[in-house]
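The values are calculated or read from the model by the stated rules, or taken from the named source; none is laboratory data. Note that this is a predicted model, so its numbers are computed, not measured. Counting neighbours? That spans all protein chains shown, and the Cβs are built from the backbone with ideal geometry, glycine included.
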Amino acid sequence: MAGTVTIAESIWSGVKKIIFDWISGVGADAGKADGVTVNPYEGEIRRILFIPDAVAVPTNLYDVRILDSDGIDVAAGNGIDLLAAAARECFPHSALYPISHMIAHTKLTLEVRNAGDTKKGRVVVYLR
């Protein structure tokens, strides 16, 4: 059975917040979950949170990508090999990674892999 992703999208004073709550699939889709935003977005990716569930803990070193319509991971690889016991916060545009991740009128696709059967997590994306 395929995994599921529930998406909440909101805008406050020019800051856009997208919350992806995912549950990985079983069987042929074990460890996978995919979801696409309803609305297209534009702006600069400012902050991303990867939060594993505390009860249905994903398999250690699971992977999350956030793809734009060109298939580019706007998280810049920061969602690869995530630890099951710890949340990760990243700032794709920072002194350590000075390339800005701009998106223009694109829907975002969340892609979870290697998470284990029926595991859960949350990804939060902030854009400006």
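Given (1) touching a residue at least 60 places away in the same chain (Cβ under 8 Å); (2) farther than 15 Å from Val125 by Cβ, where does Ile51 come up short, assuming only one miss?
(2)
Can you tell me which residue among Ala28, Ala33, Ala56, Ala8 is without any contact (Cβ under 8 Å) to a residue 24 or more places away in the chain and under 20 Å from Gly116 (Cα atoms)?
Criteria check complete, one pass: Ala28.
If we keep just the residues of the stretch 103-121 that are closer than 9 Å to Ala56 by Cβ and among the basic types (Lys, Arg), which is surrounded by the most Cβ atoms within 10 Å (Cβ to Cβ)?
Per the stated criteria, the residue is Lys119.
Which numbered condition trips up Ala87, out of (1) out of contact with any Leu (no Cβ under 7 Å at 6 or more places or on another chain); (2) surrounded by fewer than 17 Cβ atoms within 10 Å (Cβ to Cβ); (3) touching a residue at least 24 places away in the same chain (Cβ under 8 Å)?
Result: Ala87 fails condition (1) only.
Could you run through the stretch 54-70 and say how many residues are at pLDDT 95 or above and either surrounded by fewer than 14 Cβ atoms within 10 Å (Cβ to Cβ) or more than 15 Å from the chain's Cα centre (by Cα) (or both)?
7
Might you check whether a residue that is surrounded by fewer than 18 Cβ atoms within 10 Å (Cβ to Cβ) and closer than 14 Å to Ser24 by Cβ occurs anywhere in the stretch 71-79?
no
Which of the numbered conditions does Ile18 fail, given that it passes all the others? Conditions: (1) in contact with a Pro (Cβ under 8 Å, 6 or more places away or on another chain); (2) surrounded by 15 or more Cβ atoms within 10 Å (Cβ to Cβ); (3) among the hydrophobic types (A, V, I, L, M, F, W, C).
(1)
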